[in-house]
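J.: This is the structure I have questions about; it appears just below.
Read-outs: derived from the displayed coordinates by stated rules, not from any lab. These numbers come from a predicted model, not from an experiment. Every residue, glycine among them, receives a Cβ derived from its backbone with ideal geometry; neighbour counts consider all protein chains shown.
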Amino acid sequence: MTLPSLLIQLLNGLTDASSLFLVSAGLSLIFGVTRIVNFAHGSLYMLGLYMAYSLIQLLGRTPLSFWAGVILAAIAVGVVGVVIEMLVLRRIYRAPELFQLLATFAIVLIVKDTTLYIWGSEDLVGPRAPGLTMAFDILGKRLPAYDLLLIVVGPVVLGLVWLLLTHTRWGALVRAATQDREMVGALGVDQAKLFTSVFFVGAALAGLGGALQIPREPANLDLDLSVIADAFVVTVVGGLGSLPGALLAAILIGVAKSLCIGIGTTSILGFEIDFSRLVLVVEFVIMGVVLVLRPYGLLGKPPAVVRAAGSAPPPLTPPRWPTALAWIALLVIAPMISDDYIAALLIDIACFALFAVSLHFIMGPAGMISFGHAAYFGLGAYAGAVLLKRAGLPMEVSFLLAPFIAAAFAVLYGWFCVRLSGVYLAMLTLAFAQITWSIVFQWDSLTSGSNGMVGIWPAAWLSTKSAYYYMTMVCCGLGIAFLWRVLFSPFGFTLRAGRDSPLRAEAIGIDVRGFQWMAFVLAGAMAGLAGVTLAFSKGSISPSAASISQSTDGLVMVLLGGVETLTGPVVGAGLFTWLRDGLARETDYWRAVFGLIILLIVVLFPQGLVGGLKVLLGRWRESRA
Amino acid sequence: MNAPALQVPTLQTPVLQVDGLHKAFGGVQAVEDVSFAISAGELLAMIGPNGAGKSTCFNMLNGQLAPDSGLMRLEGRDVVGLSPRAIWRLGVGRTFQITATFASLSVRENVQMALYSHAGKLRGLLARFGTALKEEADALLAQVGMLDQAERPCGVLAYGDLKRVELAMALANSPRLLLMDEPTAGMAPKERVALMDLAARLARAQKIAVLFTEHDMDVVFGKADRIIVLDRGRLIAGGRPEEVRNNADVRAVYLGGVH
């Protein structure tokens with residue numbers, strides 16, 4: 001690689017860093033003040049791009065109208081942020097943080113479908129910036145003037161936000177609230193107004209980040225999740241709540257990515273390494289390394305004061321035998337009295353139920369939120385497929401080995417993850433899942449890459465629909481029963497003890513991290529079992545099994561049913577799968593409908609469906625007594 | 001500057017022997033040349049104004065902080081550099097200034113957790129938790145007067161009751177040494193005396209050495225067998241309550257005035 005091309009790649013990296021910084025700065029600001037991890041921040045970026053596209057078309061192609069379009073797009077996105085805050089988030093500031101997460105995820109779904117409705121599914125290529133279409137000659141390479149301008153935008157916006165934070169009363173309140181939200185409230189500051197204004201600024205920054213990309217990047221509907229993943233990484237690497245940290249991290253990641261593209265295939269120590277393939281992974285590798293070395297990010301501090309959110313989770317109650325037996329009986333006769341469609345749907349539900357229960361196992365009792373549980377689901381599915389098709393093993397052997405391979409990865413990933421807690425832990429799980437996804441996505445010779453693998457059919461004796469149905473019920477049923485049993489074992493109680501009070505647990509000789517690690521591995525194995533069971537029922541597998549949206553599906557299932565109940569995840573998985581299936585056949589906009597349902601549930605039943613029903617039942621009993 | 005450390009004489013072989021303990025944070029000497037010992041069945045109070053180094057001393061004793069230098073011997077065994085878990089296994093029980101219990105578990109399950117851990121039974125995956133060691137847990141709860149609330153989750157208990165549950169958990173590994181960090185903080189005056197009476201009774205009956213810090217001087221002078229006084233990291237006095245009460249240095253530290 002020559003010096004000029006290295007320089008160009010460096011400058012390219014800095015250009016990318018600017019937009020990344022703008023989104024991350026908004027995310028960080030909102031998290032700092034409201035403690036909400038805004039999953040919808042990538043959606044706001046996406047909206048910024050689409051709005052800039054339309055506004056510039058509307059206003060005409062003069063330099064003035066271009067920049068007016070960009071600024072107006074940012075303001076419009078800020079207003080969308082205000083609407084979101086006032087309509088939804090304001091109602092749930094007191095809800096558990098996981099519910100806030102679920103709500104912002106519902107907003108992702110709604111924004112996606114609204115965008116689809118307004119702008120359609122085609123990628124929209126925006127205009128180049130009038131007056132900035134020339135390019136500079138740098139050591140014989142050409143660099144567009146617009147890119148150079150973008151490089152400056154990041155630091156300039158950082159400076160402006162910095163001035164706003166340090167030289168205005170609003171800024172002082174934001175900084176105070178970031179340190180201690182309750183205290184600011186206790187001093188008589190109108191929190192509602194403060195939060196709304198922070199949302200406006202945070203959303204406008206994301207919108208600006210998107211709008212500025214209009215000459216460089218086509219507006220498309222996949223941006224929401226890919227940008228939020230990038231922004232999560234940047235905020236965590238920089239340190240949650242640190243704006244200079246976000247800029248530093250954005251530059252580090254932007255440059256690392258473009259260097260990977262620039263270096264291309266190089267031989268190191270005799271090995272041919274294609275660096276351009278690392279692009280999808282490199283940021284997550286950086287994040288993993290940073291989090292292990294500096295658990296609070298490059299410039300972050302340990303989390304601010306968070307007071308205990310009231311009551312502790314209620315004790316879990318084991319399922320009752322009569323109810324369990326009734327369900328088993330129902331599932332046994334289901335395929336005899338219904339059509340193939342119902343049986344196929346029940347197979348899906350069973351696999352997702354096991355997936356959700358395994359996620360609940362680490363989220364609820366062990367207190368570790370995972371944004372990347374699909375890694376183990378996907379690994380199980382791919383392990384089964386690869387062993388069958390590439391290693392030529394019999395289906396039964398491939399099937400049985402798959403959960404162990406998923407568990408082996410959980411051993412590796414879990415070792416890093418249990419060293420962190422809270423949001424940082426969640427982000428690291430996301431990082432590992434994303435690494436897994438991009439390896440699966442790119443390793444053509446092993447996994448067939450983005451095409452996925454086909455022809456993964458069960459052995460002859462399982463090939464009828466009803467045989468596979470019963471095998472699924474047995475495998476998933478045993479998996480769920482096993483995890484539930486473990487929750488009431490000494491091991492499960494130890495996990496709950498470690499979640500309730502790590503300090504006390506250590507003081508009575510409990511190795512909390514060791515138990516969490518083991519829980520991670522058990523959950524990984526069971527998610528792998530769910531993945532391989534589903535793969536053999538479909539006969540095919542694609543990288544989406546390990547994707548972010550698969551992980552968030554799992555989160556939604558668990559939260560929908562209620563994280564504080566035992567049966568919640570099963571109910572959530574059933575409802576989710578059934579609703580998605582049903583809605584997808586009724587309307588193209590099933591995501592938005594689904595998002596609205598989630599929002600309704602979040603606002604009405606903050607303990608999840610099963611938890612909420614229990615509360616209602618309790619009130620009804622009390623009123624009769 | 002370096003006056004010889006004040007030695008506190010004891011008659012029996014000590015359960016805990018601390019010698020020349022030092023700890024500095026940056027340039028600040030938090031604990032400087034502190035030495036003392038506690039015998040079985042004895043209640044030793046560690047007092048001193050805020051910032052005197054009490055918490056630092058406690059955190060070194062329970063393994064959360066490593067001393068810069070000095071000796072800590074538990075029944076003759078060197079415990080410097082051991083983790084909190086290892087120190088617990090050697091027979092040291094703890095209660096915290098702000099109670100730390102498992103809120104989603106019942107009172108009995110909390111104590112059983114400590115008993116299971118002591119018995120090395122935590123790793124079972126399929127057994128039902130809570131079936132074993134029930135009588136032992138109830139015996140401990142009876143000792144602290146919490147048996148009637150054994151089924152209630154810890155998350156709903158009154159603060160004074162939580163302190164009792166903590167004490168029962170701290171006793172679960174039949175400790176030789178009990179470390180109580182401000183055991184009566186946040187309690188009503190009547191409850192304070194009752195809790196320390198209980199601790200004193202248990203210490204005498206089971207020959208446990210008890211080291212506690214405390215701000216309530218009625219509790220300190222009423223219940224402790226001996227008192228040691230820290231000021232700015234150094235041990236400035238030690239002895240029986242009446243000796244300490246009349247010590248001029250102690251009066252100066254607490255009441256102000258010339259040293």
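J.: Local charge sum around A:TYR382 (other residues, Cβ-Cβ under 15 Å, Lys/Arg +1, Asp/Glu -1)?
T.: Net of charged neighbours comes to +2.
J.: Taking 21 Å as the cut-off for C-alpha to C-alpha distance, list the pairs among B:LYS23/B:LYS163; A:LYS112/A:LYS193; B:LYS23/B:LYS54; B:LYS54/B:LYS223; A:LYS112/A:LYS257; B:LYS163/B:LYS223 that go past it.
T.: B:LYS23/B:LYS163; A:LYS112/A:LYS193; A:LYS112/A:LYS257
J.: What whole-number distance in Å separates the alpha-carbon centres of the range A:448-502 and the range B:192-229?
T.: Comparing the Cα centres of the range A:448-502 and the range B:192-229, I get a distance of 53 Å.
J.: Right, next: For the Cα atoms of chain A, what angle does the longest principal axis make with the long axis of helix A:490-500, in degrees from 0 to 90, nearest 10?
T.: Orientation of helix A:490-500: about 30 degrees from the principal axis.
J.: Which value in nm describes the separation of the simple spin-label points at B:ALA127 and B:VAL28, placed 7 Å from the Cα toward the beta carbon?
T.: Placing both labels 7 Å along Cα→Cβ, they lie 4.7 nm apart.
J.: A follow-up question, please. Would you please give the FRET efficiency between A:ARG485 and A:TYR93, computed as 1/(1 + (r/R0)^6) with r the Cβ-Cβ distance and R0 = 41 Å, to the nearest 0.05?
T.: Rounded to the nearest 0.05, the efficiency is 0.65.
J.: Under 15 Å from the Cβ of B:THR184, count the other residues' Cβ atoms, weight Lys and Arg +1, Asp and Glu -1, and hand me the total.
T.: Summing Lys and Arg as +1 and Asp and Glu as -1 gives -3.
J.: Further question: Arranged by the count of other C-beta atoms within 10 angstrom, fewest first, what order do B:LEU202, A:LEU101, A:LEU64 take?
T.: Fewest-to-most Cβ neighbours within 10 Å comes out as A:LEU64, B:LEU202, A:LEU101.
J.: What net charge is computed for the residues neighbouring A:VAL486, neighbours being all others with C-beta under 14 Å from the C-beta of A:VAL486, Lys and Arg scored +1, Asp and Glu -1?
T.: Residues close to A:VAL486 contribute a combined charge of +4.
J.: Based on Cβ point charges of +1 for Lys and Arg and -1 for Asp and Glu, what charge dipole magnitude is obtained for chain A about its Cα centre, in debye rounded to the nearest 20?
T.: 1220 debye
J.: Could you please rank A:GLU97, A:GLU506, B:GLU135, placing first whichever residue has the fewest other Cβ atoms within 10 Å of its Cβ?
T.: Taking fewest neighbouring Cβ atoms as first place, the list is B:GLU135, A:GLU97, A:GLU506.
J.: Compute the acute angle (0 to 90°) between the alpha-carbon long axis of helix A:145-167 and the principal axis of greatest extent of the alpha-carbon atoms of chain A; round to the nearest 10°.
T.: Taking Cα atoms only, the helix is inclined about 80 degrees.
J.: Report the extension gain between B:ALA66 and B:ALA248 in nm, rounded to one decimal, defined as 0.36 nm multiplied by the number of residues separating them, less their alpha carbon distance.
T.: Between B:ALA66 and B:ALA248, full extension yields 62.3 nm more.
J.: Calculate the dipole size of the range A:74-154 relative to its Cα centre from +1 charges on Lys and Arg beta carbons and -1 charges on Asp and Glu beta carbons; express the result in debye to the nearest 20.
T.: About 180 debye.
J.: Sticking with this one: Once you order the gyration tensor axes a ≥ b ≥ c over the Cα atoms, which shape class does the range A:576-622 get: rounded for a/c under 1.5, otherwise prolate or oblate by comparing a/b with b/c?
T.: Cα axes put the range A:576-622 in the prolate bin.
J.: Evaluate E = 1/(1 + (r/R0)^6) for B:SER83 and A:ARG294, where r is the Cβ-Cβ distance and R0 equals 30 Å; express this FRET efficiency to the nearest 0.05.
T.: E(calc), rounded to 0.05, equals 0.85.
J.: Quick one: Cα centre-to-centre distance for the range A:326-375 and the range B:86-105, in angstrom?
T.: 38 Å
J.: What lysines sit close enough to A:LYS389 to cross-link, taking a C-alpha to C-alpha distance under 19 Å and skipping anything fewer than 8 places away on the same chain?
T.: Cα-Cα hits under 19 Å: A:LYS538.
J.: Per the helix-only calculation at 222 nm, which mean residue ellipticity applies to chain B, given -39500 (n - 2.57) for every DSSP H run of n ≥ 4 and division by its residues, nearest 500 deg cm²/dmol?
T.: It comes out at -9500 deg cm²/dmol, rounded to the nearest 500.
J.: Under a crude label model (7 Å from the Cα following the beta-carbon direction), how far is A:LEU124 from B:ASP197 in nanometres?
T.: Inter-label distance under the simple model: 7.8 nm.
J.: Right, here's the next one. Among the lysines, which fall within straight-line cross-link reach of B:LYS121, defined as a Cα-Cα distance under 24 Å, with same-chain neighbours fewer than 8 residues apart omitted?
T.: B:LYS134
J.: Right, here's the next one. Which value, in debye to the nearest 20, describes the size of the charge dipole of the range B:103-259 about its Cα centre when Lys and Arg Cβ atoms bear +1, Asp and Glu Cβ atoms bear -1, and nothing else is charged?
T.: 380 debye
J.: From the square roots a ≥ b ≥ c of the eigenvalues of the alpha-carbon gyration tensor of the range B:1-128, which class results: rounded (a/c under 1.5), prolate (a/b over b/c), or oblate?
T.: Verdict is prolate for the range B:1-128.
J.: As I understand it, the value is the acute angle between the Cα axis of helix A:395-417 and the longest principal axis of the Cα atoms of chain A; what does it come to in degrees, rounded to 10?
T.: 50 degrees
J.: Further question on the same structure: Among A:VAL602, A:SER18, B:GLY160, which residue has its Cα positioned farthest towards the positive end of the charge dipole of the protein assembly as shown, with +1 placed on the Cβ of Lys and Arg, -1 on the Cβ of Asp and Glu, and the dipole taken about the Cα centre?
T.: B:GLY160
J.: Ok, one more. For n ≥ 4 DSSP H runs only, could you compute -39500 (n - 2.57) per run for chain A, divide by its residues and tell me the 222 nm figure to the nearest 500?
T.: Computed mean residue ellipticity for chain A: -24500 deg cm²/dmol.
J.: Rg over Rh of the protein assembly as shown, using C-alpha atoms and the Kirkwood radius, what does it come to?
T.: My calculation puts Rg/Rh at 1.02.
J.: Looking at A:LEU109, A:SER43, A:LEU325, which one has the Cα that reaches farthest to the positive end of the dipole of chain A (charges on Cβ: Lys, Arg +1; Asp, Glu -1)?
T.: Value computed over the given set: A:LEU325.
J.: Moving to a separate point now. Need the list of aspartates and glutamates near A:LYS614 for cross-linking: C-alpha distance under 18 angstrom, and skip anything on the same chain fewer than eight residues off.
T.: Correct list for A:LYS614: A:GLU564, A:GLU622.
J.: Could you please rank A:TRP170, A:TRP321, placing first whichever residue has the fewest other Cβ atoms within 10 Å of its Cβ?
T.: A:TRP321, A:TRP170
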